[in-house]
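A short write-up of the structure that comes next.
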Amino acid sequence: MQKRISRVIAITVTVAVVIFGLAAFAVSFTIYTGEAEDTLKAIAIMYSDDYEHTAEEIHQRLSTALDYEIRVTEIASDGTVLYDSSASITENHLNRKEVREAFETGIGQDTRSSSTLGEITFYCAVRHGDEVLRFARQRTSILSVALGLISIMLLVGGIIVIVSVATSVVISQKLTKPFADIVKQLDILNNPENKITVDAEYEELQPIIDTIESLRHKLRRYIQKLKDAEQIRAEFSANVSHELKTPLTTIKGFGEMLENGLITDSEDVKKYGGTIYRESTRLLSLINDIIRLSEIEENDVTVNPEVDLLEIANAAADSLADKAENNSVSITVQGERTFAHANQMYIGELFANLIDNAIKYNKQGGSVIVSVTKSDGNAVISVKDTGIGIPDDSKERIFERFYRVDKSHSRAIGGTGLGLSIVKHIVNYHKGRIELESTLGVGTEITVYLPM
Ligand code: ADP
């Protein structure tokens, strides 16, 4: 860019200097020509009534006074040349235009070019008694004037070009500097927080800087998101391995003991067999949950416009009725038929997970109220229990994968720590939001808002 600016300025200035030089030369040459003619005429008129000096004397006077040659010719009325300062001419001069005019009107003028080098001669003749005095001056050719001036023009032109090129280099450096500054400040990794700044005098660049800033901001957020996602993935892998290992170790241990005949008592066989069964079930639900979670993350399901949330709530409650009864917990489903733009299976899972938790973390004789309503263009799903509640410092975290308030309790009742994480994913998938209200020892209410 800098080179380009310098080049353009240099070329422009050079062309301008050349054009200006030629124009100045043409103008001054025209002026000089006119002046030369006028001077010759003035001299001719001045000597038209000088009878004291001979033509030769007049020529001598002019030669000493002027530094250019003025040829003087004295012509008799019949055209005979009586005197000529430059050569002895014998030719009759009556047919020369200026001479004829001078005899007729008193003064005559002509301009004739001599063959070589484009030189021309001005003639001015005046009547002088019975004779004619003719003065002639040769105009220097345009070429020789140009040649005389060329060294000065080259010198001046050269200086102008050099000065302008130097100036253009400075200017273009100044112009390109803010861009270089911006580029220097662009390094996002080394310079993540600093705002890009340029001198106030380059205010025209502000919109560009603003755009860059906003892009940089987006990019930073994007990078942060990628980092977070990578961290979550790494943590998840570690957690999954750990969670899978625990039941498998138990199963393996008891299996080995049974195989080696270390457990013989029929009561013990029943007891350890039961443990193996429970741990396998847990393992299975863990694997199911993990699969479910990754399916939801892939976001590859169909969404139906008319999904009846109340119907799904009833179905989910029915399928958990036995579990509720076993836990001496009552379930009530209430509300109005509400249709939402949603995925039927996901919503079923959402209800199942919330109701399942409301049963699991309830108290003997407790209750669960599931309700479906509408509010402000949202379908509102609420699952409320009279259970153990959630401590304040866990409220933020229960939606994290594998997070459990009481790990051993959750394990004992078959929890995986993934249920609410699945719920959160389903809600996000439907662009909804979750609210949690819980008091320790009193109960918990989880409310989900889904846009209709
Ligand atoms: P889990 O499989 O352990 O139930 P979730 O992700 O469903 O996993 O829940 C995470 C944790 O949140 C649970 O371990 C439990 O401690 C707590 N929790 C969830 N729902 C309730 C509830 N209704 N009442 C009290 N605690 C709950």
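The values are calculated or read from the model by the stated rules, or taken from the named source; none is laboratory data. In this text, all values refer to a predicted model and were calculated from it rather than measured experimentally. As a convention, Cβ positions derive from the backbone with ideal geometry for all residues, glycine included, and neighbour counts pool all protein chains shown.
Quick test of your reading of the structure: SER285 fulfils all but one of (1) at pLDDT 90 or above; (2) within 16 Å of the ligand (Cβ to nearest atom). Name the failing condition by number.
Unmet condition: (1).
Might you let me know whether segment 68-79 holds any residue that is modelled with pLDDT of 90 or more, in contact with a Ser or Thr (Cβ under 6 Å, 6 or more places away or on another chain) and aliphatic (A, V, I, L, M)?
yes
Given ASN304, ASN299, ASN327, ASN314, which one is within 14 Å of the ligand (Cβ to nearest atom) and not aliphatic (A, V, I, L, M)?
Numbers: ASN304 fails: within 14 Å of the ligand (Cβ to nearest atom); ASN299 fails: within 14 Å of the ligand (Cβ to nearest atom); ASN314 fails: within 14 Å of the ligand (Cβ to nearest atom).
Every option except ASN327 fails the conditions.
Of the residues GLY432, GLY441, which is more than 8 Å from the ligand (Cβ to nearest atom), touching a Pro at 6+ places or on another chain (Cβ under 7 Å) and more than 30 Å from SER280 (Cα to Cα)? Explain how you work it out, then say what you get.
On the way: GLY441 fails: touching a Pro at 6+ places or on another chain (Cβ under 7 Å).
None of the others qualify; the one that does is GLY432.
From ALA26, ALA36, which residue is of a type in the set (A, V, I, L, M, F, W, C), at pLDDT below 90, part of a helix (DSSP H, G or I) and out of contact with any strand residue (DSSP E or B) (no Cβ under 9 Å at 6 or more places or on another chain)?
Numbers: ALA36 fails: out of contact with any strand residue (DSSP E or B) (no Cβ under 9 Å at 6 or more places or on another chain).
Of the residues listed, the single one that is of a type in the set (A, V, I, L, M, F, W, C), at pLDDT below 90, part of a helix (DSSP H, G or I) and out of contact with any strand residue (DSSP E or B) (no Cβ under 9 Å at 6 or more places or on another chain) is ALA26.
Does segment 337-354 hold any residues that are surrounded by fewer than 24 Cβ atoms within 10 Å (Cβ to Cβ), within 16 Å of the ligand (Cβ to nearest atom) and among the aliphatic types (A, V, I, L, M), and which are they?
ALA352
Scan segment 43-76 for residues that are more than 24 Å from GLU101 (Cβ to Cβ) and of a type in the set (Val, Ile, Thr) and report the count.
Residues flagged as more than 24 Å from GLU101 (Cβ to Cβ) and of a type in the set (Val, Ile, Thr) within segment 43-76 amount to 1.
So, of the residues in segment 394-426 that are crowded, with 20+ Cβ neighbours inside 10 Å and more than 10 Å from the ligand (Cβ to nearest atom), which turns out to be nearest to the chain's Cα centre (by Cα)?
HIS425
Filter segment 130-159 for residues that are of a type outside the set (S, T, N, Q) and not in a helix (DSSP H, G or I) and give the result. Write out each step before concluding.
Narrowing segment 130-159 to residues of a type outside the set (S, T, N, Q): 130-137, 139, 142-143, 145-150, 152-159.
Passing the criteria: ASP130, GLU131, VAL132, LEU133, ARG134, PHE135, ALA136, ARG137, ARG139.
Give the residues of segment 359-382 that are within 10 Å of the ligand (Cβ to nearest atom) and either farther than 16 Å from LYS323 by Cα or assigned to a loop (DSSP other than H, G, I, E, B) (or both), sorted by residue number.
Just the residues of segment 359-382 that are within 10 Å of the ligand (Cβ to nearest atom), to begin with: 359-362, 368.
Within segment 359-382, TYR361, ASN362 meet the criteria.
Residue under question is HIS59, and the condition is that it be without any contact (Cβ under 8 Å) to a residue 40 or more places away in the chain, buried (at least 17 other Cβ atoms within 10 Å of the Cβ), closer than 19 Å to ALA136 by Cβ and of a type outside the set (Ser, Thr, Tyr); does it hold? Please lay out each step first, then the result.
Values: without any contact (Cβ under 8 Å) to a residue 40 or more places away in the chain: yes; buried (at least 17 other Cβ atoms within 10 Å of the Cβ): yes; closer than 19 Å to ALA136 by Cβ: yes; of a type outside the set (Ser, Thr, Tyr): yes.
Answer is yes for this residue.
Please give the number of the condition LYS360 fails out of (1) farther than 18 Å from ILE426 by Cβ; (2) modelled with pLDDT of 95 or more; (3) buried (at least 18 other Cβ atoms within 10 Å of the Cβ).
Going through the list (1) farther than 18 Å from ILE426 by Cβ; (2) modelled with pLDDT of 95 or more; (3) buried (at least 18 other Cβ atoms within 10 Å of the Cβ), LYS360 breaks only (2).
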